[in-house]
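Where a number appears in this text, it was derived from the coordinates with a stated rule and is not lab data. Only a predicted model underlies this, so the values are computations on that prediction, with no experimental measurement involved. Backbone-built Cβ (ideal geometry, glycine too); neighbour counts: all protein chains shown.
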Amino acid sequence: MQRTLFTVAFALFLTGSAALSGQQFSGLGTIGYESAIPARVAPGQIISIVVPDAEPRIAEAVLASEVPLPSTLAGFSVVIYQTATPRQVAAPILGVTPVAPHCPAAVGRDCGRAVRLDVQVPFEMTPDYPDGDVGAPQPLNEAVLVVRKRGIPYPAIPLAPRADSIHILTTCDALTSGPHPPCRPIIAHADGSLVSESAPGKPGETLVLYAYGLGVTNPAVATGDAARASGSRPAQAVSVYSEFAPFRNANVLEVPGEGALPVIPAYVGLVEGFVGLYQINFVVSQPAANTPACDHLHRPNFVLTVVGSAKTDSAAFCVESNAPPMR
């Protein structure tokens, strides 16, 4: 399956939503779904950066109107500085959106205004340990990200460059337009509709999972440009595992569980027409006879785990089963 066979019925990019998954406003800047500082980022990854908005403030979202994406938008620019070569490279911007910061209670009702920058980490950023092994004899690449508004810099945000930093998209991510909490992984049927308790995956059905942060591709795609055709696959190895297991909530696995089985994806690569968005097409396996069905409380019974060279992420969701729901 070399081509994208799924209609993406939900708008993944630049909806102007102010919901920020797990983000806390620090007064300096936060990066997307990665809470650690320095934030782990991979070449080509789409991230969201939240910083205070200085005067003159942005009144409404400003979206990039074409690709390749611009390096300056609404007066903002983003540059990554690194000790590797090239020493500095611009990060193209998808959009600039005003948001309401999450303020500590002690600050009071008004702690200013903030803006979210949705940007792509340049493919020219060098991973500090390209093979994901922190003991590898590779020189450490130190990197920081600097946001500027009309040439005035914000404090630098430290980065931890990685070969990959896999993140399965959820409905709580800033760049998705679906419902927000409870967070659900963005996994679609062939018609583009999302997998859910009322529309579970079926054994033998091919589903598509969307993710960021799988790193550089072969053949390469230029920074800021959309994938022109399916077939640009991650240069770093990606492994996929599945497991049927009853969960009392939507928790997922840091690593594949003991009962996880390897999955051979039909396709892993960039989505045609999108910047930095990857898809993984996979076939749902047949559940064991005692696998319980999901219920309205969103108790998923199936877990898909994507393992990269540097980071792992999992998605728990519902698959059709003949057994009764979990109690």
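With a sphere of radius 13 Å drawn around the Cβ of HIS189, what net charge do the other residues whose Cβ falls strictly inside it have (Lys, Arg +1; Asp, Glu -1)?
Around HIS189, the charge tally is -2.
Please rank SER314, SER71, fewest neighbouring Cβ atoms within 10 Å first, as an exposure proxy. Could you put the intermediate results ahead of the total?
Values: SER314 22, SER71 18.
With the fewest neighbours first, SER314, SER71 line up as SER71, SER314.
Taking the beta-carbon count within 10 Å as an exposure proxy, list HIS167, HIS189 from fewest neighbours to most.
Numbers: HIS167 25, HIS189 20.
The fewest-first ordering by Cβ neighbours comes to HIS189, HIS167.
Quick one: net charge around ILE280, please, counting Lys, Arg +1 and Asp, Glu -1 for every other residue with C-beta under 14 Å from its C-beta. Walk me through the intermediate numbers first.
Values: positive: ARG233; negative: ASP164, ASP313.
Summing Lys and Arg as +1 and Asp and Glu as -1 gives -1.
Taking the number of other C-beta atoms within 10 Å as the exposure measure, put TYR278, TYR33 in order starting with the fewest.
Values: TYR278 31, TYR33 24.
Fewest-to-most ranking of TYR278, TYR33: TYR33, TYR278.
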